[in-house]
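Shown next, in structure tokens, is the structure this report addresses.
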């Protein structure tokens, strides 16, 4: 009897403690999110006295024929996958090095965190200066070793996207490295030692012992990286604003322009819905494939 | 057999070690050079920056770029706005998240599943879906273009992550300690104040610093919600500084950028030991 009462009292206490967090979250994040999804089925637009109507699937029919949006969506996929994969490979290499007993390891571990400590806007400004066609150190270094400098890295359609991807890799490497390093440190050393005594080479030990032990962490961090990269905005917005000629127009930038430059709120929300559905579907497939692999 | 394996391993490491150092050096150049470049640019005079054959290092430590950047009234106002927004957000989030995190860990309720689901969902949704309704909502209640509106948005969107981090720290405190204190006759409040809070302090500091840095650095919500130049935050002001002055005052731009990331650089320096030790790794987001 008293157990039931104390359980009930506990429930009430929990609600009291959580309520101050719950109320603002409901008002300023659950409600806007639901509202945002619904807006994707309306013709909402900016301006005084403009009435909003539900228009069913009209936005999506229009979107299906909007070549610029699909081009931007494709750029977004190329960006998100390239950055995530390159970031993962580069970070894995760095994490393996930082896990070795090298001299000055503490210094390297500190320096490796630098990009994390910088806000995306500053990273974008810094790389603009780095890549400046006339004063930038990148072109000067190319000149110095006799390669053709003078490339306008962020201004030429052919090179802008790859260059922006490199900056994206730079900006996100610390999180991935730190996560993988933590994973490496949790791999039992005995496993590797046992394999070494059995005569396994470094490469075979990495492939058959370290990598399988890391797999859950790899799945988690690549999934998060992919979501963050696909939704990222500030870095590319300040670096190129989507240019030159729309070659770096990520879907988040495209939808931002649609909403806040042209005032098409409903249409932009519809783009957001399409992005959520497609990226969500991909994530489900990816996570399912990974978990199946683990149980084999 | 083992001796054979060992000798070949030694032979291999004689080649491998220098290669490992070389690779590490390449990584360090890639990761640290841009900041080094920003640092040297901030100390260069306009003449040095224009001349094609100036070296990488500045001729002397010239602080004029820094003083000029600080003197620019709008940057100073913007830094003040950023500070106000970040401090208020951090205070609100910490006050709200602490009891909630405690309740979610210590009491078995259905709220917990909801909270976890919400934390995950808030990571997946593209910001465009959230910012349009938020913009309309804040416009309706007259909070667009105000720092208060920005604080509200930041607080709500920092909450899931702070809650998640704090839950981890609360869960790490052995519940037996609390039970022992209760057996000794201490009331719940007394137990919380004497036992839980002191143990939670480091986690609380880390969580609030994260909230502070995230609000200090945030760009997208500010871009949409703030149009008035007097209300803009530091990232906004810097992004506009680039647009307005562009190439002309590279040195000042670099100086201002450096000053703007000083708080987060100091913060990361402070926690770097714990970060690389992997202690925070589960609870960290960029």
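The values are calculated or read from the model by the stated rules, or taken from the named source; none is laboratory data. Owing to the predicted nature of the structure, the values given are computational and were not obtained by experimental measurement. Here Cβ is always computed from backbone atoms with ideal geometry, including for glycine, and neighbour counts include all displayed protein chains.
Things worth noting here:
- Residue A:221 vs. criteria touching a residue at least 40 places away in the same chain (Cβ under 8 Å), over 24 Å from residue B:239 (Cα atoms) and at the interface with chain B (Cβ under 9 Å from one of its Cβ atoms): no
- Check on residue B:150, more than 11 Å from chain A (Cβ to nearest Cβ), buried (at least 23 other Cβ atoms within 10 Å of the Cβ) and part of a helix (DSSP H, G or I): yes
- Residue match in the stretch B:102-125 (condition: closer than 27 Å to residue B:203 by Cα, more than 14 Å from chain A (Cβ to nearest Cβ), within 20 Å of the chain's Cα centre (by Cα) and surrounded by 18 or more Cβ atoms within 10 Å (Cβ to Cβ)): no
- The set of residues in the stretch A:259-272 being part of a helix (DSSP H, G or I) and under 12 Å from residue A:40 (Cβ atoms) consists of A:259, A:265, A:266, A:267, A:268, A:269, A:270, A:271, A:272.
- The condition of being within 30 Å of residue B:267 (Cβ to Cβ), at pLDDT below 85 and within 9 Å of chain B (Cβ to nearest Cβ) does not hold for residue A:174.
- For residue A:79: the one exception among (1) within 7 Å of chain B (Cβ to nearest Cβ); (2) over 17 Å from residue A:177 (Cα atoms); (3) assigned to a helix (DSSP H, G or I): (1)
Residue-by-condition table, conditions (1) under 30 Å from residue A:35 (Cα atoms); (2) touching a helix residue (DSSP H, G or I) at 6+ places or on another chain (Cβ under 8 Å); (3) part of a helix (DSSP H, G or I):
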| site | (1), (2), (3) |
| --- | --- |
| A:56 | yes, no, no |
| A:61 | yes, no, yes |
| A:69 | yes, yes, yes |
| A:74 | yes, no, yes |
| A:83 | no, yes, yes |
| A:87 | no, yes, yes |
| A:91 | no, yes, yes |
| A:95 | no, yes, yes |
| A:102 | no, yes, no |
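- Candidates B:251, B:243, B:185, B:168: the one that is surrounded by fewer than 21 Cβ atoms within 10 Å (Cβ to Cβ), in contact with a helix residue (DSSP H, G or I) (Cβ under 7 Å, 6 or more places away or on another chain) and either at pLDDT below 85 or not in a helix (DSSP H, G or I) (or both) is B:168.
- One residue alone among B:47, B:12 is exposed (fewer than 13 other Cβ atoms within 10 Å of the Cβ), at the interface with chain A (Cβ under 10 Å from one of its Cβ atoms), modelled with pLDDT under 90 and part of a helix (DSSP H, G or I), and that residue is B:12.
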